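Report on the following structure.
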Amino acid sequence: SIAYLNGEYLPLEDARISPLDRGFLFGDGIYEVVPSYGGKLVGFGPHIDRMREGLALVEIDLPWDHDQWRQVCEQLMIKNGNGNLGIYLHVSRGADTKRFHAYPEGVAPTVFAFAFDIAPAPVADKSKAKAYKVSTTEDLRWRRCHIKSTALLGNVMHYQQGHAAGNNETILYNSQGEVTEASACNVFMVKNGEVITPPLDHQLLPGITRLILLDVLQKYTQIPVHERTITLEELNSADEVWITSSSKEIAPVTSIDGKPVGNGDIGDVWLAAQTVFEKHRF
Ligand code: PDD
């Protein structure tokens with residue numbers, strides 16, 4: 001596939017960075033994954049807003065505007081065949097001349113992007129949807145989970161816990177037993193016809209799929225929607241649970257730690273949510 005690195009388009013396998021790149025040595029960088037279907041990006045504006053905010057929070061100085069990012073995304077879609085593509089965007093603090101923790105001065109950020117295949121856009125059809133099974137565990141990452149940092153070892157270790165148990169994801173809760181997010185997704189539950197998701201704070205990433213889903217539910221359906229704390233106990237007695245992310249959209253969860261969610265089938269509120277998401281995703 002064709003990638004982008006510091007102003008150049010080139011085959012991914014030919015892209016080279018320095019071993020002194022701070023993204024490599026420290027995980028010192030910010031990233032995004034923007035989904036696209038047939039050459040059309042989903043949530044491009046909010047994805048770029050979030051990346052610019054993340055770069056500002058960690059003081060990486062890259063003055064790119066939306067048009068510059070759009071051009072890279074569009075070139076990558078075209079050069080990679082305009083299929084179902086996740087566009088990965090990555091900015092690290094760049095390659096220093098030594099390994100030293102403090103932010104270096106006068107070092108240009110490394111800008112890298114590539115496209116990878118994702119599943120076709122999900123459709124509102126219970127018989128075609130993939131049912132997800134998840135584990136749960138206490139969140140042992142850091143307290144800056146609102147920053148989309150490339151330092152993902154904490155997330156990777158939590159994802160692996162679910163994977164090793166034969167599940168597709170790991171839902172995380174804090175030391176108070178409050179559900180925050182999953183290792184690479186946001187979490188929603190349905191109880192008595194209401195859709196509930198944890199409020200945004202430093203314990204979770206402000207997901208763009210979460211943002212779009214909340215927006216379309218409020219604009220185009222009568223389904224009550226709440227951003228409020230969810231306890232693990234509530235999650236375990238929910239009628240439906242969903243996990244959301246750019247690469248899977250709204251994924252229905254039918255099993256938590258080996259126990260069925262609701263009656264164990266994909267639910268009707270998921271169907272309604274997926275129907276409206278699909279209509280308004282672009
Ligand atoms: N994961 N929470 C975490 C920890 C995530 O890593 C992600 C995204 C989300 C969902 O955010 P969004 O809807 O904007 O994709 C929530 C990406 C896709 C990844 O790391 O591959």
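Since every read-out is calculated from the coordinates, none of them should be taken as a lab result. Note that the structure is predicted; figures quoted are calculated from it, not measured. Don't worry about glycine lacking a Cβ; one is built from the backbone with ideal geometry, like all the others, and counts go over all protein chains shown.
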Exercise for the section: Can you tell me how much longer the chain between Asp265 and Asp65 gets when fully stretched, taken as 0.36 nm per residue apart minus their C-alpha distance, in nm with one decimal? Expected result: 67.6 nm
Practice task
Evaluate the charge dipole of the chain about its Cα centre and quote only its size in Debye, nearest 20, assuming +1 on the Cβ of each Lys and Arg and -1 on the Cβ of each Asp and Glu.
Solution key: 300
Problem - Rough spin-label spacing in nm, given labels placed 7 Å along Cα→Cβ, for Leu152 and Gln75 - result: 2.4
Problem - Cβ charges +1 (Lys, Arg) and -1 (Asp, Glu), total dipole of the stretch 132-280, debye - result: 440
Problem - Fraction of alpha-carbon pairs over 25 Å apart in the chain - percent - result: 49
Problem - Protection-proxy order for peptides 227-233, 170-176, each taking the mean of Cβ atoms within 10 Å per residue, highest first - result: 170-176, 227-233
Exercise for the section: Can you tell me the alpha carbon radius of gyration of the stretch 1-73 divided by the globular rule-of-thumb value 2.2 N^0.38 Å? Expected result: 1.20
Practice task
Quickly work out the Tyr220-to-Arg99 label distance, labels modelled 7 Å from Cα along the C-beta direction, and quote it in nm with one decimal.
Solution key: 5.0
Problem - Rough spin-label spacing in nm, given labels placed 7 Å along Cα→Cβ, for Lys126 and Gln176 - result: 3.6
Handout entry: DSSP bridge pairs, the stretch 132-280: antiparallel proportion in percent, nearest 5
Key = 65
Problem - Label point 7 Å beyond Cα of Asn192 along Cβ direction - residues of the stretch 198-242 with amide nitrogen under 15 Å - result: 224-226, 234-235, 237-240
Practice task
For the chain, give the share of DSSP beta bridges that are antiparallel, in percent and rounded to the nearest 5; count only bridges with both residues there.
Solution key: 80
Practice task
Please work out whether the stretch 1-159 counts as rounded, prolate or oblate from its C-alpha gyration tensor, where a ≥ b ≥ c are the square roots of the eigenvalues and a/c under 1.5 means rounded, while otherwise a/b larger than b/c means prolate and anything else oblate?
Solution key: oblate
